[in-house]
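Presented below is the structure to which this report refers.
Just so you know, all these numbers are worked out from the coordinates, no wet-lab data involved. Remember, it's a predicted structure, so these values are computed and weren't measured experimentally. For neighbour counting, all protein chains shown are included, and Cβ atoms are generated from backbone atoms with ideal geometry for every residue, glycine included.
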């Protein structure tokens, strides 16, 4: 009987130790998670822009209100470059550490002369015609290999019919995609005025 009492007292002590061992890490993790949570604040609008911060001192100084109701994700922005700045000097003249010069595009509403536009149209047309020729050549090759939906089987496809079916489906999709590309190129070509011989 004494042995039984002794065993029960040991098992209670063991259970308390196990419970304490399991509870301690859980409490530590909960306190760490609580310590990592920061409150975000929304500050009054200045010049039409709302300012957000997680600095309590700054929030108190500016009269900000705490955000509630969900998680806040902070994404660091990029620097805004000065749009009105003059173009930089050529890099070759200034040395290797000089900024790169950026070409200026024509201003909105400005027009280019007819000869320049005809030259651009001619260049665009020749590029699109070469792309159309490549796409049509590729389409002919794809159709030849597709063989009306019954392409020749490869060595590993004779034992695995699903591989063959997958390849046929992929070929069909490639043909449809290339056909769509051809239609798009033809559409673009139709938008470019034909150069008139003078």
| request: Kindly establish whether residue 141 is under 30 Å from residue 191 (Cα atoms) and touching a residue at least 24 places away in the same chain (Cβ under 8 Å). | output: no
| request: Among residues belonging to the stretch 130-166 that are exposed (fewer than 12 other Cβ atoms within 10 Å of the Cβ) and touching a helix residue (DSSP H, G or I) at 6+ places or on another chain (Cβ under 7 Å), point out the one that is nearest to residue 178 (Cα to Cα). | output: 149
